[in-house]
Amino acid sequence: MTTASLRPDGRTPEQLRPVRFQNGIAPYASGSTLIEWGNTRVICGVTVEESVPRWMKEQGVTGGWITAEYSMLPYSTLTRKARDISKGKIDGRSQEIQRLIGRSMRAAIDLEKIGPRTIWLDCDVLQADGGTRTAAITGSFVALTLAVRGLQEKGKLTVNPMLKPVAAVSVGIVESRALLDLAYVEDVAATVDMNLVMNAAGEFIELQGTGEEGTYTDEQLAAMLAAGKAGIKQLLALQQAALAVS
């Protein structure tokens, strides 16, 4: 690999940025972690409520529910980002991302087995340098697992409701190359941007791929998927390592 073919931060095309988890970052949460992914940092915290949404009661839906909220703190970007409350409504991008986090985590757990309770996932971006949604999903799985362990230790769950581990990563086409895990400078220059959410069985939960003022070929799609799958495998191993020491 020549120096000219390396990325702005010195990585190879198929290389993740460094990923680290700091569990227990929010002591009052049922489970929490700070995921540091390159220069992106996201706190993922779980709160458990012993009730379910009204719509579940009205429709006679059994089991529990998982939902998520996502926000970028005002100082998470180079220029101050106004809080949603100051605009009187949630930002459209934030709404899209929190729905994605919720869907991803519902695929990681058996909702019937958690009983009639609601699990809230709150993801707050401390610093953004690309891949905040994938960091939020990957960190949320760790926080969720820690919260479930706590419920089991307290005797509130008699069976383990966790299914297959879930992680997410970004890929894209930058200057005709398929790159894994785009930092911000690469994300803004990408002609194709894609986010993959997968489980440990290699099954897709979500696949978001968009041509940014361009198109992409079958070959480029295959290259991005291959890079993404390899990245997911690494992230799953990092999650398990972080959970093993908690």
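The values are calculated or read from the model by the stated rules, or taken from the named source; none is laboratory data. All of these numbers come straight from a predicted model, not from anything done at the bench. With ideal geometry, Cβ positions are generated from the backbone for all residues, glycine too; neighbour counts draw on all protein chains shown. What goes into the accessible areas is simple: the full protein's heavy atoms, side chains included, and nothing from ligands, DNA or RNA. Shrake-Rupley method; radii C 1.70, N 1.55, O 1.52, S 1.80 Å.
Inside region 1-21, can you point out the residues that are loosely packed, with under 15 Cβ neighbours inside 10 Å and either touching a Gly at 6+ places or on another chain (Cβ under 9 Å) or not hydrophobic (A, V, I, L, M, F, W, C) (or both)? 2, 3, 5, 8, 9, 10, 12, 18, 20 - these are the residues of region 1-21 that are loosely packed, with under 15 Cβ neighbours inside 10 Å and either touching a Gly at 6+ places or on another chain (Cβ under 9 Å) or not hydrophobic (A, V, I, L, M, F, W, C) (or both).
For region 125-139, taking the residues that are buried (at least 18 other Cβ atoms within 10 Å of the Cβ) and over 11 Å from the mean Cα position of the chain (by Cα), the one that is farthest from residue 62 (Cα to Cα) is identified as 129.
Restricting attention to region 172-197, the residues being buried (at least 19 other Cβ atoms within 10 Å of the Cβ) and not β-branched (Val, Ile, Thr) number 13. Checked against the criterion of being more than 26 Å from residue 78 (Cβ to Cβ), surrounded by fewer than 19 Cβ atoms within 10 Å (Cβ to Cβ) and in contact (Cβ under 8 Å) with a residue 12 or more places away in the chain, the candidates 200, 244 yield just one match: 200. Any residue at all in region 22-31 that is under 24 Å from residue 170 (Cα atoms) and either open to solvent by 60 Å² or more (accessible area, probe 1.4 Å) or in a loop (DSSP other than H, G, I, E, B) (or both)? Checking region 22-31: at least one residue is under 24 Å from residue 170 (Cα atoms) and either open to solvent by 60 Å² or more (accessible area, probe 1.4 Å) or in a loop (DSSP other than H, G, I, E, B) (or both). Restricting attention to region 52-63, the residues being open to solvent by 50 Å² or more (accessible area, probe 1.4 Å) and of a type in the set (Val, Ile, Thr) number 2. So residue 161 fits all but one of (1) within 30 Å of residue 8 (Cβ to Cβ); (2) touching a residue at least 12 places away in the same chain (Cβ under 8 Å); (3) not β-branched (Val, Ile, Thr); what number is the exception? Only one criterion in (1) within 30 Å of residue 8 (Cβ to Cβ); (2) touching a residue at least 12 places away in the same chain (Cβ under 8 Å); (3) not β-branched (Val, Ile, Thr) is unmet by residue 161, namely (1). Taking the numbered list (1) at pLDDT 95 or above; (2) under 19 Å from the mean Cα position of the chain (by Cα); (3) surrounded by fewer than 24 Cβ atoms within 10 Å (Cβ to Cβ) in turn, residue 155 passes all entries but (2). Scanning region 33-51 for residues that are among the small types (Gly, Ala, Ser) and either open to solvent by less than 30 Å² (accessible area, probe 1.4 Å) or assigned to a strand (DSSP E or B) (or both) returns 38, 45. Please find, within region 64-75, the residue that is surrounded by the fewest Cβ atoms within 10 Å (Cβ to Cβ) out of those that are in contact with a helix residue (DSSP H, G or I) (Cβ under 8 Å, 6 or more places away or on another chain) and modelled with pLDDT under 95. Filtering region 64-75 for residues that are in contact with a helix residue (DSSP H, G or I) (Cβ under 8 Å, 6 or more places away or on another chain) and modelled with pLDDT under 95, the one surrounded by the fewest Cβ atoms within 10 Å (Cβ to Cβ) comes out as 71. Among the candidates 219, 206, 175, the residue that is touching a helix residue (DSSP H, G or I) at 6+ places or on another chain (Cβ under 7 Å) and either free of Cβ contacts under 8 Å to residues at least 40 places away in the same chain or not β-branched (Val, Ile, Thr) (or both) is uniquely 206. Of all residues in region 78-100 being closer than 20 Å to residue 41 by Cβ and open to solvent by 50 Å² or more (accessible area, probe 1.4 Å), which is nearest to the chain's Cα centre (by Cα)? Within region 78-100, the match that is nearest to the chain's Cα centre (by Cα) is 93.
Scanning region 101-124 for residues that are in contact with a strand residue (DSSP E or B) (Cβ under 6 Å, 6 or more places away or on another chain), open to solvent by less than 10 Å² (accessible area, probe 1.4 Å) and in a loop (DSSP other than H, G, I, E, B) returns a single hit, 108. Are any of the residues in region 213-234 among the polar types (S, T, N, Q), surrounded by 20 or more Cβ atoms within 10 Å (Cβ to Cβ) and under 20 Å from the mean Cα position of the chain (by Cα)? Within region 213-234 (the criterion being among the polar types (S, T, N, Q), surrounded by 20 or more Cβ atoms within 10 Å (Cβ to Cβ) and under 20 Å from the mean Cα position of the chain (by Cα)), the answer is no, since none of the residues qualifies. Exactly one residue out of 91, 110 is at negative phi, at pLDDT 95 or above and of a type in the set (Asp, Glu), and it is 110.
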